[in-house]
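Here's the structure we're looking at; comments come further down.
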């Protein structure tokens with residue numbers, strides 16, 4: 001019950017931010033169609049996270065769904081599951097602004113198995129995960145147990161806090177607001 005209250009609190013705060021961003025005038029993001037972006041998973045066998053201590057990672061190590069789930073279980077890493085589509089403006093914004101941040105790339109590559117799912121190509125999978133809007137981010141334990149999801153755009157600072165909250169398993173002992181307060185003190 002406590003875990004549910006914590007996650008509900010996180011979702012309410014993030015949902016309000018998502019609603020605000022979703023309802024902003026189109027002029028804020030431009031009125032042109034979003035450019036097509038390629039975030040396909042890496043070639044087979046190229047799912048090893050990059051070492052962030054040497055130099056900033058070039059990209060997030062994206063995996064396809066089934067191999068990524070298997071790899072997470074094998075390596076005991078949490079899963080970052082990203083549902084997107086090429087036509088989705090906020091998916092493009094997330095890719096350009098959040099996923100290019102070196103802190104995000106390094107943290108995801110070091111602590112998570114990242115899985116990208118193009119909902120236009122994997123409609124059945126998106127339905128199984130009850131994806132209602134894009135982008136949608138799911139956070140899972142290594143065995144595939146659902147922790148929580150986050151619909152909509154999130155900036156790099158917000159996502160980094162959420163990733164740390166999930167990776168450290170702080171969601172099991174405190175709500176997100178308590179975690180943020182603890183980290184800032």
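The values are calculated or read from the model by the stated rules, or taken from the named source; none is laboratory data. Remember, it's a predicted structure, so these values are computed and weren't measured experimentally. A quick note on method: Cβ atoms are made from the backbone with ideal geometry, for glycine too, and the neighbour counts reach across all protein chains shown.
What the table shows:
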quantity: Test: residue in the range 147-160 that is within 20 Å of residue 59 (Cβ to Cβ), touching a strand residue (DSSP E or B) at 6+ places or on another chain (Cβ under 7 Å) and free of Cβ contacts under 8 Å to residues at least 60 places away in the same chain; calculated: no
quantity: So residue 97, is it surrounded by fewer than 18 Cβ atoms within 10 Å (Cβ to Cβ), in contact (Cβ under 8 Å) with a residue 40 or more places away in the chain and closer than 14 Å to residue 154 by Cα; calculated: yes
quantity: Within the range 147-172, tally of residues that are out of contact with any helix residue (DSSP H, G or I) (no Cβ under 7 Å at 6 or more places or on another chain) and surrounded by fewer than 17 Cβ atoms within 10 Å (Cβ to Cβ); calculated: 5
quantity: Selection from the range 135-146 of residues that are surrounded by fewer than 21 Cβ atoms within 10 Å (Cβ to Cβ) and either touching a residue at least 60 places away in the same chain (Cβ under 8 Å) or farther than 17 Å from residue 160 by Cα (or both); calculated: 141, 142, 143, 144, 145, 146
quantity: Subset of the range 43-80 [touching a strand residue (DSSP E or B) at 6+ places or on another chain (Cβ under 6 Å) and either modelled with pLDDT under 50 or surrounded by fewer than 10 Cβ atoms within 10 Å (Cβ to Cβ) (or both)]; calculated: 47
quantity: Strands (runs of 3 or more DSSP E) contained entirely in the range 89-169, each with at least 3 residues that are closer than 24 Å to residue 183 by Cβ and more than 13 Å from the chain's Cα centre (by Cα); calculated: none
quantity: Breaking point among (1) within 17 Å of residue 152 (Cα to Cα); (2) outside any helix (DSSP H, G or I), for residue 60; calculated: (1)
quantity: Meets criteria (in a helix (DSSP H, G or I), at pLDDT below 95 and either exposed (fewer than 15 other Cβ atoms within 10 Å of the Cβ) or more than 18 Å from the chain's Cα centre (by Cα) (or both)) for residue 4; calculated: yes
